[in-house]
Amino acid sequence: MAHRIEAGVERQPSLQIEIDGVAVSVHPGETVAAALLLAGREHCYTTREGEPRSLFCNMGSCFECLVAISVAGEEREPRWRRACMTPVSEGMRVRTGKCLQETL
Amino acid sequence: MRPVDLAIVGAGPAGMAAALTAVAHGLRVVVIDEQQQAGGQILRQPPAAIRVRNWLRDRVYRRQQQLLQRAQQDSRIEWCWQTTVLGFLDRDPHDPTSQRLWLHGPEGTRELAARSVLVAAGCHDLAVPFPGWNLPGVMATGGLQAMVKSQQLVPGKRFVLAGSHPLQLIVADQIHRGGGEVAAVLFAQPLGAMLGVRKRPLLMLRHLSKLLHIGGVMWRLWRAGIPVRFGSTVVAAEGERQLAAVRVARLRDGVFEPQQTREEIACDHLGVCYSFLVASELPRQAGAAVSWSAERGGWIVDVDGWQRSSVAGLYAAGETTGVAGADVAREEGELAALAVLLDQGVLDAARAEKMAAPVRRRLASLREFAAVLAQISLPPWRVFEQLLTDSTTLCKCQGISVGQFGDLLQEHSSIATANSAKLRSRTGMGLCQGRYCGYFVTRLLARHGDISEAEVGPFSARSPVKPVPIADILAREREQG
């Protein structure tokens with residue numbers, strides 16, 4: 001399981017997001033990818049064949065960490081976003097394991 | 001909208017150096033990057049909300065850190081964060097000298113017009129396909145490192161690193177210092193191949209600080225009891241929907257030992273790093289000429305002595321022109337900015353030449369060092385060939401195996417180019433747009449047809465070069481009526 005490095009690191013007070021319906025505490029500045037690792041939920045989207053895809057490049061080029069994200073306050077429907085490039089925000093909702101071919 | 005003088009894609013060493021030089025001569029410069037801050041991957045900073053004491057203070061980073069501080073403090077540079085350049089749009093017929101970039105950021109899509117464009121988009125890990133590499137838990141080593149360096153998070157409990165690039169040592173050290181367990185660091189090449197650097201003592205002496213840094217890292221790994229093995233690599237990742245262990249084989253003359261003697265190492269995360277691939281899709285989409293280099297990152301952008309690409313007004317610097325590291329990138333960025341100033345008439349030829357001379361002198365030595373490093377960092381093709389078994393997934397996005405791809409080549413003798421292979425097999429049509437499989441598709445085709453990689457050619461890069469939610473494009477269309 002992943003862990004935060006604490007020595008010499010100062011984080012701001014935590015905020016709440018929801019991953020697959022479960023409340024998770026994270027810190028401002030953390031990415032959705034970091035939140036997934038800390039929550040032990042590494043599967044991101046699922047292929048048509050039912051294979052899980054997960055974090056790979058962690059720099060926005062492979063697109064394997066796509067998850068369905070809704071941002072609180074924005075009235076839009078959830079969007080596929082790269083977990084590694086998306087910073088967490090209060091009230092954000094993340095859905096993992098969805099098939100990429102499904103409509104969100 | 002008046003075009004900006006210079007748009008720079010990428011806020012790494014090349015982009016930062018170019019921006020500083022260009023604004024110092026009065027140009028209006030916009031730097032676009034997908035991250036939230038400057039630094040690129042080499043100095044991937046922690047987010048502003050996470051404060052880290054003594055972040056990357058090792059001596060080897062000093063010059064890059066100075067560049068970062070100068071760039072961040074320069075209020076003349078306009079930054080455009082969390083923004084992807086999706087492509088070059090057709091030029092405006094009323095203003096044919098300007099280029100139009102199509103951007104996607106948190107606010108949706110928009111356009112940016114620029115008189116000159118510098119692409120300094122960096123590189124990503126060369127991920128060699130092998131059985132099981134599509135299991136969650138298998139990551140690019142650079143991706144593991146970014147978690148530690150930027151997010152200040154150790155992304156697992158027990159790690160194995162496998163590949164051939166010296167970066168592996170640095171990442172093992174960072175994971176260990178962050179409190180992760182590193183079970184093994186494996187180099188496919190024999191130690192002798194790495195020690196080839198001894199043949200260039202003077203060159204190595206000039207780059208002593210880098211060697212000392214690696215020496216210090218090796219010492220810490222040794223003291224921590226972390227095994228670093230040469231002539232050995234991961235040949236399979238195993239686990240049920242999540243990585244649980246890796247299978248390791250020793251190599252003799254580049255040939256894997258037989259199945260029965262292969263060792264198993266338990267781990268929850270594996271980092272793979274066999275060198276790097278350049279991000280050249282944007283210049284390619286713009287029509288810039290490229291050349292093939294197996295050890296410098298695949299399809300690299302052709303540039304002249306001023307970092308000009310074959311497209312008027314389009315420049316390239318840093319890894320995009322061939323992987324050579326952050327120090328080379330910084331100098332090339334500076335050179336590209338001088339070229340822009342020369343071409344826009346801000347500097348006359350004599351002045352530009354004079355300013356470029358010391359940059360070129362530094363570049364010569366740095367490039368020589370980078371070439372040696374590139375040479376020792378990439379194993380011969382036969383090592384990859386053994387990893388690319390029939391059942392190995394070649395294209396993860398579309399789920400195509402090496403065997404399926406090979407069958408198609410047998411069936412359709414007309415397939416010779418990467419583009420024809422893409423049409424038949426769908427490799428390169430998925431989310432990553434061939435950024436990962438393209439290198440292997442090219443090399444496999446060259447071998448299959450007994451032709452050069454230049455004849456195989458790259459996948460055509462199309463705009464958008466990265467996926468974008470169609471709703472974001474529609475929202476923009478609606479806004480504009």
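The values are calculated or read from the model by the stated rules, or taken from the named source; none is laboratory data. Bear in mind that the values here come from a model prediction, so they are computed numbers and not experimental data. Cβ sites come from the backbone with ideal geometry, for glycine too, and all protein chains shown count toward neighbours. Calculation scope for accessible area: heavy atoms of the full protein, side chains included, ligands and nucleic acids excluded. Shrake-Rupley method; radii C 1.70, N 1.55, O 1.52, S 1.80 Å.
Would you kindly find the accessible area of residue B:269, with a 1.4 Å probe and non-protein molecules such as ligands, DNA and RNA excluded, rounding to the nearest 10 Å²?
So the heavy atoms of residue B:269 present about 0 Å² to solvent.
Quick check on region A:46-104: take the gyration tensor over C-alpha atoms, sort the square-rooted eigenvalues as a ≥ b ≥ c, and tell me if it's rounded (a/c under 1.5), prolate or oblate.
It is oblate, given that a/c is not under 1.5 and a/b is not larger than b/c.
State, as an integer percentage, the relative contact order of region B:14-162 based on alpha-carbon contacts under 8 Å between residues 6 or more apart.
Once normalised by length, the contact order is 22 percent.
For chain B, take the alpha-carbon Rg, divide it by the Kirkwood Rh, and send me Rg/Rh.
0.96
Shape verdict for region B:351-481, please, from the Cα gyration tensor: rounded (a/c under 1.5), prolate (a/b greater than b/c) or oblate.
Cα axes put region B:351-481 in the oblate bin.
Rounded if a/c is under 1.5, else prolate if a/b is larger than b/c, else oblate: which is the protein assembly as shown, with a ≥ b ≥ c the root eigenvalues of its Cα gyration tensor?
rounded
What average number of partner chain Cβ atoms lie no more than 10 Å from the Cβ of the residues making up B:458-470?
Counting other chains' Cβ atoms within 10 Å and averaging over B:458-470 gives 1.
Only bridges with both residues in region B:99-213 count here: give the DSSP antiparallel percent, nearest 5.
Antiparallel bridges make up about 55 percent of those DSSP assigns within region B:99-213.
Sequence gap at least 6, Cα distance under 8 Å: using those rules, report the relative contact order of region B:418-481 to the nearest whole percent.
Here the relative contact order equals 33 percent.
Which percent of the accessible area of the protein assembly as shown is formed by carbon and sulfur heavy atoms (probe 1.4 angstrom)?
C and S atoms contribute 50 percent here.
What's the longest bit of chain B with no exposed GluC sites (Glu not before Pro), using DSSP loop states and at most 15 other Cβ atoms within 10 Å as the test?
Within chain B, the longest run free of exposed GluC sites (Glu not before Pro) spans B:241-481.
Other chains near B:48-58: what is the mean number of their Cβ atoms within 10 Å of each residue's Cβ?
Partner Cβ neighbours, averaged per residue: 4.
Name the residue farthest towards the positive end of the dipole of the protein assembly as shown from the options B:93, B:127, B:356, assuming +1 on Cβ of Lys and Arg, -1 on Cβ of Asp and Glu, about the Cα centre.
B:356
Quick check: the angle from helix B:438-449's long axis to the longest principal axis of chain B, C-alpha only, nearest 10 degrees?
Compared with the principal axis, the helix lies near 70 degrees.
Tell me, how many Å apart are the Cα centres for region A:2-77 and for region B:194-244?
If we compute the Cα centre of each part, the gap is 31 Å.
Any idea how far the Cα center of region B:357-435 sits from the one of region B:329-350, in Å?
33 Å
Suppose the chain between residue A:74 and residue A:90 were pulled fully straight at 0.36 nm per residue; how much longer would it get relative to their current alpha carbon spacing?
Stretched out fully, the residue A:74 to residue A:90 stretch lengthens by 4.6 nm.
Quantify how strongly other chains surround peptide B:240-249 by giving the mean number of their Cβ atoms within 10 Å of each of its Cβ atoms.
Mean partner shielding for this stretch: 1.
Within the P(r) computed for chain A, what percentage of the Cα pairs occupies the region above 17 Å?
Tail of the P(r) past 17 Å holds 50 percent of the pairs.
Grab the beta carbon distance between residue A:16 and residue B:224, set R0 = 45 Å, and tell me the FRET efficiency rounded to 0.05.
0.75
Say each of residue B:199 and residue B:48 gets a label point 7 Å from the Cα, pointing the same way as Cα to Cβ; how far apart are those two points in nm?
For residue B:199 paired with residue B:48, the spin-label model returns 5.1 nm.
For the residue pair residue B:191 and residue B:240, what label-to-label distance in nm results when each label sits 7 Å from Cα along the Cα-to-beta-carbon direction?
4.1 nm
Need the full-extension length gain, residue B:460 to residue B:110, defined as separation in residues times 0.36 nm minus the C-alpha distance. One decimal, nm.
Length gained between residue B:460 and residue B:110: 123.6 nm.
Over 23 Å between Cα atoms: which of B:396/B:466; A:98/B:396; A:98/B:422; B:422/B:466; B:149/B:210 fall into that group?
Going by Cα-Cα distance, A:98/B:422 fall outside the 23 Å limit.
At 0.36 nm per residue, minus the direct Cα-Cα distance, what do residue B:475 and residue B:349 gain on full extension? Give it in nm, one decimal, please.
Roughly 40.7 nm would be gained on extension.
Between helix B:402-411 and chain B, what is the angle of the helix's C-alpha long axis to the longest principal axis, kept within 0 to 90° and rounded to the nearest 10?
Tilt relative to chain B: about 80 degrees.
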